[in-house]
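A.B. asks: Please see the structure below; I have some questions.
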Amino acid sequence: MTATSDAAAQAAIGAAARELKLPTVRDQATRLAEIAARDHAGYLAYLAEVLAAELDDRSARRRARRIAEARFPRLKRLADFSTDAIPAITPGQLAHLATGTYLDKGEPIVLLGDSGTGKTHLLIGLGLAACEQGRRVRYVTTAQLVNELVEAADDRALSRVVGRYARLDLLLLDELGYVQIDPRGAELLFQIITEREERASIAIGTNLPFSKAHMFASTCARRRLKRDMFGNVGAGALQAVRGLSVPAAAAGLPAPSWRRRPGGLRVPVSLP
């Protein structure tokens, strides 16, 4: 093939790739063709390499987009979570959660424990693992979500906002119980939770047992929710609880906060 025909072929590939929205094919076709020629690869092998490169890049872009859309405050991985202080939560359990099988079943996860026991780290780790599988995820604190819902209700856009949250594969709701929520905010928040019940997963981080969460007490009573729907664990523990609608088995032991070491010395720690 002459230089002129090569240039014409490259221009044709570029034009077709732009029309078909295949940016990696446009960028990598020439390089991969040179490799194929050097390796004496056939036409089908070359085509397979080009398409594989496009798929790999598309998957990477989708993962990056999912991570950006999730709005994590920082990036934390489940594999980086230290289980030394909480031996009842094992690396094997975290690896199983990372597979996302609970998402396929629409199962919820609740993390209960004092500040500094790693709830936010685990929530972000769960969300990041889901994003890397191409799933739609959103991290939000309870106060942020309630404010968003109240503003949406005032603007008569509540159904649109609720629908957007309902379409998520995983909603990460952090800091439940840290601030008091008025009855209106509790009702709106419950609308999000009940919309996802048994259909799409929600992972919650809280410093209080749900049965004692003051902002939900009246709402739970009005909706006649069972006490064991949320489980009950003592203070000072980090618990991983699966299943909101049935009495759930908890995994976790009392653990000290990781933010402060004995003697008052503060150490650089990335846990919440």
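A.B. asks: Does anything in the stretch 124-165 have its amide N under 18 Å from the 7 Å Cα→Cβ label point of Arg199, and if so which residues?
C.D. replies: It comes to 136-138, 158-165, nothing else.
A.B. asks: Would you work out if the stretch 126-176 is rounded, prolate or oblate? Take a ≥ b ≥ c from the square roots of the eigenvalues of the alpha-carbon gyration tensor; rounded if a/c is under 1.5, else prolate when a/b is larger than b/c, oblate otherwise.
C.D. replies: Here the stretch 126-176 falls in the oblate category.
A.B. asks: In addition: Tell me which of Ala16, Leu47, His96 sits at the most positive position along the dipole axis of the stretch 1-111, charges placed on C-beta atoms (Lys, Arg +1; Asp, Glu -1).
C.D. replies: Going by the Cα projections, it comes out as His96.
A.B. asks: Using alpha-carbon positions, what is the distance between the centroids of the stretch 190-209 and the stretch 12-80, in Å?
C.D. replies: Result: 36 Å between the Cα centres.
A.B. asks: Right, something else. Sequence gap at least 6, Cα distance under 8 Å: using those rules, report the relative contact order of the stretch 66-143 to the nearest whole percent.
C.D. replies: 54
A.B. asks: Still on this structure, I have one more. Suppose R0 equals 30 Å; then what is the FRET efficiency for Ala48 and Ala16 from their Cβ-Cβ distance, rounded to the nearest 0.05?
C.D. replies: Efficiency at R0 = 30 Å is approximately 0.95.
A.B. asks: Does the stretch 152-191 come out rounded, prolate or oblate by the C-alpha gyration tensor, with a ≥ b ≥ c the root eigenvalues, rounded set by a/c under 1.5 and, if not, prolate when a/b is larger than b/c and oblate if not?
C.D. replies: oblate
A.B. asks: Starting from the stretch 90-167, pick out the trypsin sites (Lys or Arg not before Pro) whose DSSP state is loop and whose Cβ has at most 14 other Cβ atoms within 10 Å.
C.D. replies: Working: sites: Lys105, Lys119, Arg135, Arg136, Arg138, Arg156, Arg160, Arg164, Arg167; in loops: Lys105, Arg135, Arg136, Arg156, Arg167.
Those satisfying the criteria are Lys105, Arg156, Arg167.
A.B. asks: Using Cα pairs closer than 8 Å and at least 6 residues apart in sequence, work out the relative contact order for the stretch 3-66, in percent.
C.D. replies: Computed over the stretch 3-66, the figure is 29 percent.
A.B. asks: On alpha-carbon atoms, Rg over Rh for the stretch 3-66 using Kirkwood Rh? The partial results should precede the final answer.
C.D. replies: Details: Rg = 12.7 Å, Rh = 12.5 Å.
Taking Rg over the Kirkwood Rh, I get 1.02.
A.B. asks: Further question on the same structure: Note down the magnitude of the dipole of the stretch 1-93 about its Cα centre, charges +1 on Lys and Arg C-beta and -1 on Asp and Glu C-beta and zero elsewhere, to the nearest 20 debye.
C.D. replies: On the way: 15 positive and 12 negative charges, 125 e Å.
Here the stretch 1-93 has a charge dipole of around 600 debye.
A.B. asks: Taking just the alpha-carbon atoms of the stretch 5-123, what radius of gyration and Dmax come out, in angstrom?
C.D. replies: 22.3, 69
A.B. asks: Which order do peptides 52-62, 173-183, 94-104 fall in by mean Cβ count within 10 Å, highest first?
C.D. replies: 173-183, 94-104, 52-62
A.B. asks: Spin-label point model (7 Å from Cα, Cβ direction): what's the Asp182 to Asp6 distance in nm?
C.D. replies: 7.2
A.B. asks: What are the trypsin sites (Lys or Arg not before Pro) within the stretch 1-50 that DSSP puts in a loop, where the Cβ has at most 15 other Cβ atoms within 10 Å? Numbers along the way, then the final one.
C.D. replies: On the way: sites: Arg18, Lys21, Arg26, Arg31, Arg38; in loops: Lys21.
Taking the stretch 1-50 and a limit of 15 other Cβ atoms within 10 Å, the loop trypsin sites (Lys or Arg not before Pro) found are Lys21.
Computed from the coordinates by the stated procedures, all read-outs in this text should not be read as laboratory data. Predicted model only: the values in this text are computed from it and were never measured. With ideal geometry, Cβ positions are generated from the backbone for all residues, glycine too; neighbour counts draw on all protein chains shown.
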